[in-house]
Amino acid sequence: MAGLQDRTRFEPSEVEPRIVAAWLASGLHHPDPEGTPQENFSIAIPPPNVTGALHMGHALNGAIQDTLVRWHRMLGMRTKWILGTDHAGIATQRQVEKRLIAEGGATRQELGREAFVERVWAWREEHGGQIIEQFKRLGATLDYDDERFTLDDAYVRAVLKVFVDLYDKGLIYRDHYMVNWDPGSRSAISDLEVENREVEDILYSVDYPLEGSDRVLTVATVRPETMLADTAVAVNPEDERHAELVGRFCVLPLVGRRLPIIADDHVDPSFGTGALKITPGHDVNDFEIGRRHGLEEISVIGEDGRMNENAGEYAGMTVPEAQAAVVDALREGGRLRGEEPYVHSVPFSHRSGERIEPLISLQWFCRMDELARPAIEVVQRDEVHITPEQWKRVYLDWMGEIRPWCISRQLWWGHRIPAWHCAACSAITVARETPAACGTCSSDQITQETDVLDTWFSSGLLPFTVFGWPENTADLAAFYPTQLLVTGFDILFFWVARMVMLGCHFMLDVPMPDGSKRTLKDAVPFREVYIHALVRDADRKKMSKTKGNVLDPIEVIGEYGTDATRFTLAAMAAPGTDIAFNSDRTQGYRAFANKIWNAARFMFMNVDKAQQAGIWSLDDFRKSLKDGKPGATITGCQTLTLEDRWIFSRFNGVAGQVHQALAEFRFHEAANCIYDFFWGEFCDWYIELVKPRVALGDTSAGTVRTASQNLVALFEASLRLLHPFMPFITEEIWQAVYDGKPPLKSIALVVFPEADPAQADTAAETSMAILQDLIVSIRTLRADLKVEPKEKVPVQVYANGEIRTLVDQNRSAVERLAGAEKVTFVEASLAKLPGARSTARFEVRVVYEKKIDVEAERKRLTKELEAAEKELANIERQLGNLEFLSKAPAHIVEKMRLRAQELIVLIEKIRGGLNGLG
Ligand SMILES: [Zn+2]
C-alpha cells in the first residue's frame, strides 16, 4: 500500500531529519577512491571557519554545490564533495580572547601561549561542529566521513613541507618591510584585509627651514606626529619652483635632523606647495620612495600604538597625544603655517575595525612572481576556466601586479613558523622537525619563531592536502584535479588565486596515476571556477549586523523548509547578479512543495483504488522498468493519448533545458524551467486531464492501467529532475512510489532524466496549445460575464477543418476543464456576437443570459486589438530588418511569418467584433 495520501501537508520538520539520517547511513556521500578524475566529480567546499555559523552566503554556496554534486552523482559519476574546516587564525583567537574577558579570568598573556592554545582547542571541540550540523540540515551531501581541519596532524605536516620547500628554493624570506599593522589584533594583516574609509582629518602646513638660508619650505601633513621620523623632503623633478633646491637640505623642526631635498616622480606638484615630507617608517608610499633613494628608515611608533624611544620627549605617548603635543610645540615655535579640514581615504582593519598603522616590521614573505607565472598561464589558456568571464580579467589584472605576500602573523592560534633563531650566531634554521641545534654553529641556544602563518597559507593548499599529499595517494589519483570550485568573489585573491599558484607549483612534481610526468594542465587544483554573487536583503541592501537586516538561513529553513529555501536561492542565482532574498518567494516555493505533495496524494489515492480492484499496482510499474531500475528516459505505454504525447514531449524538452542550464551554471533558468513544468504543465494541466482515465467507475480497466502507468512513470521521472533542487520532498515521494521496495537506496543514486528526441512531438504540443487556449478563453469569458464558478454554461465554437476535429475529439476534456455545459459547433462567425472571443484559429462564445456590458466589452476588445496591432508591428519591423533576417535561424523567421499571418486574421476579427457592438 502506498502511503502518504493521508498526510495532508508536506511537513519538512518531520521529514528532513529522517531523510538526512538515511542519506548518511547509505554512505552515498563517501565514495571509494576509484576511477580517474575525468570519470569522477570532486569539489572542495570553501572551508568554513570553525567559529562560524551558517549565514546566507554559505547557504547559497552550499545549495549551488549540492545541486551540482547531486546532478553529477545522478549522471553516474563518482562524486566526492570535500569537507574542510578552517582554523581561521585571527577570528578564532579573538573569539576565545573575548570569552576569557567575559569570564573575568586570566588574559591570553597571563595564560601563556601553551595554555591559551589548549583553550582554543577546547573551544573548537565545543563549537566547531555547529556549522557542519547546519550543512547537514541544508541537505548538503558533503563527505562527512572524511572531514579535514587545517590544524589536523596530516595537514600540519603538509604545511610544514610547503614552507620548508619554498624557503629552500629562496621563495620564502625574511625582510624589514612596510606592513599594515593592526593595533587592534596586534598583528600585520594583508592588503586584502584592509578597507578604505573616507575620514575627515586636519591638514597641517608646517614650515621646514632651508639650511643656510632664511627661506622655508612648507609641507602639508595630516599626521604631524610622524614628522619625528622624517628623513627627507621630496619635490617633483618637473617642478620648476623647486628645481634649484634639489640637493640642498632642510632642518627638521623640533628634532634638528638634516633632511636632504630629493626629486621623485611620485610627488604631486599640485598638492600643497609641491614639497612632500618623506617618512619611510610610517607611510607606504614614502617607504617606496625611501627604498628608491636609500633613505634611512626610522620608526617612532611601536607595535602597541604608542610612541617609542626614537620619539624622544614624546616617547610613551599614544599617537593622538603625541599629535596634540607636536602641534602645540610647532605652534609655539612659529612653525605652524595653517590648519584646514581635510577629507581623505584612510585604511582600517577589516578584522578589528581599528585604523591601520603602517609600520616597518621584520616579517616573513613569500615571493610571488615565480609562483604567479604558471597560475597566469593556466587561466589565460582556460585550463582553469572562470565563470562569469569578467572575473577572469580581474584575476589576470591582479596576478599581473602581484606583490610579495606577507605570510607571518603575530598570533598564537595557527601553524607556528618552523624556523629557529640562534642566540649564539643569529642564524635561522628552518626544518620540518624541531632541530636539536643551530644548523650553522651547532649551538643548542635556539628558540622557535613566535609568529604563525597567515591562515590563507594553509587553506591555499587545500585541494591537494585534503587528498593526503605529499603522499601520492589513491585519493589524489582518483580526485585531483577537482572539477570545480564554487565561491564568492570576495576571496578570489585570498584563496582562489593562491590555490592555483600553490597547486600548479607543488602538484607538478607528483606523477600521474599511470606514472607519466604531470603537466601544468593536470597540476591545476580545479578545472573550473564559478563565482557566485552576494545574498542581499529584499531591498537589495547588504546584510549586516549593524543594520539588523541579517537573515539566518536556519530560521528561514525552520519556517519554510529546506527545499523551499534552497529553491529560492537556486531560482534567483543568475550568474553575475546579486540575490535580493525575499521570504515571500520562499513562501511561494513552500506552496510549490505542497502542490507537488497534493499531486502525489491524488496519484496514490487512485493507485490504491486500482490495486484494491486488482487492476494495476505499483508492482506493475516496477516490472515495467528495464532491469528493475528507472532509465534516463521515460518508459510509457504503447498507446498514448494526446495529453500523454504532449506531456512526454514537454518533459523531454524540459529535461534537455535543465541539463543545458546546469552545465552553464544558469541555476535560475534550470529552477524556473522545472517549476513551470511541474506546477503549470504537470499539476495544473496533465493531472486534470488524466483524472477521468485513472479513476475507477465508467472507465475501462485497460484505460486505468495505461493511464496509471503513464502518470506514475512521468511523476517518478519529474521527481528525479527536481531532486537536485528539492532533495527532501522528492526523496520522500520517490520512496513511496516504490512502496518501500526502491531499486536503489535513494533517489540521489538514480539516473538523471535526459532529453529523448524520440518523444519530442511537435504536433501534440501544437494541438494541446490550441485546446489550452480554448479552455483559458472560455474561463476568461466566464469571468468577464461573472458566471458563478459552479454554474455550467453552453459554449459555442466556430472553427474549421483540423481545429474543429481536434476540439470535437477532446470535447469532454474541454467541457470539464472549462465548466461548459455542452460545446456545440456553429457554422457562422461568432466574432460580432456578445460574449465571444476570437483567435486566429477559433472563435468561441459563452452563451449567458446576463446582459452584456457594452462599454466594458468595447474596452476589452479595444485592448485586445491594440495588443495584437502592437505585436504585428513589432514582427513586421523585425521582418523588415535585413540584419536580423541574415542572423536569425530560419525556423524562427518562419515562425514569425506564420504569427504575422495569424495576427492579420485576428485583427480583422476583433474589428468585426467592435463593429458588432454598434
Ligand atoms: Zn648558531
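Which shape class applies to the range 487-635: rounded if a/c is under 1.5, otherwise prolate when a/b exceeds b/c and oblate if not, where a ≥ b ≥ c are the square roots of the Cα gyration tensor eigenvalues?
It comes out oblate by the Cα gyration axes.
Based on other C-beta atoms within 10 Å, arrange Asp853, Asp539, Asp146 from fewest to most.
The most exposed by this proxy come first: Asp539, Asp853, Asp146.
In whole Hz, what ³J(HN,Hα) sequence does the range 36-42 give by Karplus (6.51, -1.76, 1.60; θ = phi - 60°), x for Gly and Pro?
10, x, 5, 8, 9, 10, 10
When the Cα centres of the range 573-635 and the range 666-744 are compared, how far apart do they sit, in Å?
4 Å
Report, in listed order, any pair from Lys521/Lys745; Lys609/Lys629; Lys80/Lys623; Lys392/Lys745; Lys595/Lys792 with a Cα-Cα distance greater than 31 Å.
Listed pairs above 31 Å: Lys521/Lys745; Lys80/Lys623; Lys392/Lys745.
If only Cα atoms are counted, what is the Rg of the range 119-190, and what is its Dmax, in Å?
Gyration radius and largest Cα-Cα distance of the range 119-190: 17.9, 49 Å.
Taking θ as phi - 60°, what are the ³J(HN,Hα) couplings along the range 504-509 by the Karplus curve (6.51, -1.76, 1.60), each to the nearest whole Hz, with x for Gly and Pro?
Couplings: 4, 6, 8, 7, 4, 7 Hz.
May I ask you to compute the full-extension gain from Ala427 to Thr635, defined as 0.36 nm times their residue separation minus their alpha-carbon distance, rounded to one decimal in nm?
Stretched fully, the Ala427-Thr635 segment lengthens by 67.3 nm.
How big is the gap, in Å, between the Cα center of the range 363-418 and the Cα center of the range 274-293?
For the range 363-418 versus the range 274-293, the Cα centre distance is 27 Å.
What are the ³J(HN,Hα) couplings of the range 58-74, residue after residue, when phi is run through the Karplus curve with 6.51, -1.76, 1.60 and θ = phi - 60°? Round to Hz, x for glycine and proline.
Listing the rounded values in order: 4, 4, 5, 4, x, 5, 4, 5, 5, 4, 5, 5, 5, 4, 5, 4, 6 Hz.
Return Asp475, Asp268 ranked ascending by Cβ neighbour count within 10 Å, so the fewest neighbours appear first.
Placing the least packed residue first, the sequence is Asp268, Asp475.
Taking the 0 to 90 degree range and rounding to the nearest ten, how far is the long axis of helix 762-784 tilted relative to the main principal axis of the chain, both from C-alpha atoms?
Taking the Cα atoms of the chain, the angle to 762-784 is about 80 degrees.
Relative to the longest principal Cα axis of the chain, at what angle does helix 642-663 sit, 0 to 90 degrees, rounded to 10?
In the chain, helix 642-663 runs at an angle near 10 degrees to the longest axis.
Any idea what the relative contact order of the chain is, in percent, if you count C-alpha pairs under 8 Å spaced at least 6 apart?
Once divided by the residue count of the chain, the mean separation gives 12 percent.
Can you tell me the orientation of helix 583-612 relative to the chain, as the angle in degrees between its alpha-carbon axis and the longest Cα principal axis, to the nearest 10?
So the inclination is approximately 40 degrees.
Amide H of Gly338: which non-local residues (sequence gap of 5 or more, or other chain) have their own amide H closer than 5 Å, using H built in the peptide plane?
Ser205
Going by amide H atoms built from the backbone, whose H comes under 5 Å of the H on Ser408, apart from near neighbours?
Trp364, Asp454
Treating only the Cβ of Lys, Arg, Asp and Glu as charged (+1, +1, -1, -1), what charge dipole size does the range 1-52 show about its Cα centre? Round to the nearest 20 debye.
200 debye
Determine the calculated [θ] at 222 nm for the chain from helices alone, applying -39500 (n - 2.57) to every DSSP H run no shorter than 4 residues and normalising by the residue count; nearest 500 deg cm²/dmol.
That comes out to -13500 deg cm²/dmol.
Which order do Glu297, Glu688, Glu332 fall in if you start with the one that has the fewest other Cβ atoms within 10 Å?
Glu332, Glu688, Glu297
Compute the Cα gyration tensor for the range 682-767, then decide on rounded, prolate or oblate, letting a ≥ b ≥ c be the square roots of its eigenvalues: rounded whenever a/c is under 1.5, prolate when a/b is larger than b/c in the other cases, and oblate in all that remain.
oblate
Which shape class applies to the range 267-327: rounded if a/c is under 1.5, otherwise prolate when a/b exceeds b/c and oblate if not, where a ≥ b ≥ c are the square roots of the Cα gyration tensor eigenvalues?
Judged from the Cα gyration tensor, the range 267-327 comes out oblate (a/c at least 1.5, b/c at or above a/b).
Just how large is the dipole of the range 464-617 about the Cα centre, in debye to the nearest 20, putting +1 at every Lys and Arg Cβ and -1 at every Asp and Glu Cβ?
Value, rounded to 20: 440 debye.
Could you list which residues have their amide H under 5 Å from that of Val216, counting only those 5 or more apart in sequence or on another chain, with H placed in the peptide plane?
The answer is Leu210.
Suppose each label sits 7 Å from its Cα in the direction of the beta carbon; what would the Glu11-Glu802 distance come out to in nanometres?
5.2 nm
Every read-out reported here was derived from the displayed coordinates using simple, explicitly stated rules and does not represent laboratory data. Keep in mind the model is a prediction, meaning the values are calculated, not measured. Cβ coordinates were reconstructed from backbone atoms using ideal geometry, including for glycine residues, and neighbour counts include every protein chain displayed.
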